[in-house]
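Okay, so here's the structure we're looking at.
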Amino acid sequence: SKEESSIEKSDHRVIHVGRLVKWKRTDLLINAFSQIVPTFPDAELVIVGDGPELGNLKRQATDLGIKEQVRFTGALYDNKAMASYLSASAIYVLAGMGGLSINDAMTFGLPVICSVCDGTERDLVTHGRNGLFFEEGNEDDLAEKLYRLLEDPSLASRMGEESWRIIRDEVNLDTVADRYINAYKHILTLN
């Protein structure tokens, strides 16, 4: 849709991609995000994905008074739509388990905030280099890491450039990015 292809990039947009199931800990991310909203009233959290937790998570955002700041896109099966959200965001957060989406986020030059759950993260993310680790299950620690990157967009963007470099130079780009490269080129011609 027109709306998706023209999302303005924001230094204060945080994005999460994944099925909305309990072990992804999207609830933890929403709680942590609510802690930083008073400092960054223009911050936005984009939650891409669908799953059994969707209703609970929407209620949670409403109860925390941040419904306006949290955008639930549902599942995006269209790479262009996914690419436009990733390229318009500043920080990628993986709050629970499951690391495949980290590749996608890094392909789009995003710093990654995650906890070390299953090793995928350790292979791709180096704390302080292209992202930040938070203590698993610790909402306050996650909020602190969000704050650190939202407060310093140039640090976030340097880490994001490093993410892209790691994908380009250290990970086999063909396996990760084929489906995105064309979508990404399409977006670059739109902007």
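The values are calculated or read from the model by the stated rules, or taken from the named source; none is laboratory data. Remember, it's a predicted structure, so these values are computed and weren't measured experimentally. For neighbour counting, all protein chains shown are included, and Cβ atoms are generated from backbone atoms with ideal geometry for every residue, glycine included. Keep in mind that these areas ignore ligands, DNA and RNA; they rest on the heavy atoms of the full protein, side chains included. Shrake-Rupley method; radii C 1.70, N 1.55, O 1.52, S 1.80 Å.
Collect the residues in region 152-180 that are of a type in the set (A, V, I, L, M, F, W, C) and modelled with pLDDT of 65 or more, keeping them in residue-number order.
The first filter runs over region 152-180 and keeps only residues of a type in the set (A, V, I, L, M, F, W, C), leaving 155-156, 159, 164, 166-167, 171, 173, 176-177.
Scanning region 152-180 gives LEU155, ALA156, MET159, TRP164, ILE166, ILE167, VAL171.
State the number of residues belonging to region 48-83 that are more than 19 Å from LEU28 (Cβ to Cβ) and touching a strand residue (DSSP E or B) at 6+ places or on another chain (Cβ under 6 Å). Full working, then the answer.
First pass over region 48-83, keeping only residues more than 19 Å from LEU28 (Cβ to Cβ): 68, 73-83.
Pick out the ones that are also touching a strand residue (DSSP E or B) at 6+ places or on another chain (Cβ under 6 Å) and you get 73, 76.
Residues meeting the conditions: 2.
Condition first: among the hydroxyl-bearing types (Ser, Thr, Tyr) and under 10 Å from the mean Cα position of the chain (by Cα). Now tell me which residues in region 88-115 satisfy that.
SER89, TYR92, SER101
Which one is farthest from SER10 (Cα to Cα), of the residues in region 142-163 that are assigned to a helix (DSSP H, G or I) and open to solvent by 50 Å² or more (accessible area, probe 1.4 Å)? So that I can check it myself, show each step before the final result.
Let us first name the residues in region 142-163 that are assigned to a helix (DSSP H, G or I), namely 142-151, 153-163.
Among the residues that remain, those that are also open to solvent by 50 Å² or more (accessible area, probe 1.4 Å) are: 144, 147-148, 151, 154, 157-158, 161.
On the way: GLU144: 19, TYR147: 15, ARG148: 16, GLU151: 13, SER154: 12, SER157: 11, ARG158: 15, GLU161: 16 Å.
Looking at residues that are assigned to a helix (DSSP H, G or I) and open to solvent by 50 Å² or more (accessible area, probe 1.4 Å), I get GLU144.
Right, ASP27: exposed (fewer than 13 other Cβ atoms within 10 Å of the Cβ), at negative phi and over 13 Å from the mean Cα position of the chain (by Cα) or not?
Answer is no for this residue.
Quick one: LEU28 ticks every box in (1) at pLDDT below 95; (2) in a helix (DSSP H, G or I) except a single one, so which number is it?
Of the numbered conditions (1) at pLDDT below 95; (2) in a helix (DSSP H, G or I), the odd one out for LEU28 is (1).
Taking region 31-48 as the search range and keeping residues that are touching a Leu at 6+ places or on another chain (Cβ under 8 Å) and assigned to a strand (DSSP E or B), which one is nearest to TYR147 (Cα to Cα)?
Among those residues, the one meeting the criterion is LEU45.
Would you mention how many residues in region 64-81 are in a helix (DSSP H, G or I) and open to solvent by 20 Å² or more (accessible area, probe 1.4 Å)?
Selection size over region 64-81: 5.
When you go through (1) at pLDDT below 85; (2) crowded, with 17+ Cβ neighbours inside 10 Å one by one for LYS185, which number turns out not to apply?
The single condition LYS185 does not satisfy is (2).
Any residue at all in region 49-63 that's aliphatic (A, V, I, L, M), closer than 20 Å to ALA88 by Cα and part of a helix (DSSP H, G or I)?
No, because not a single residue in region 49-63 is aliphatic (A, V, I, L, M), closer than 20 Å to ALA88 by Cα and part of a helix (DSSP H, G or I).
Suppose we filter region 42-56 for residues that are within 14 Å of LYS22 (Cα to Cα) and surrounded by fewer than 21 Cβ atoms within 10 Å (Cβ to Cβ); how many remain?
Going through region 42-56 one residue at a time, the tally reaches 7.
Is it the case that LEU45 is touching a strand residue (DSSP E or B) at 6+ places or on another chain (Cβ under 9 Å) and closer than 18 Å to PHE134 by Cβ?
Yes, satisfied.
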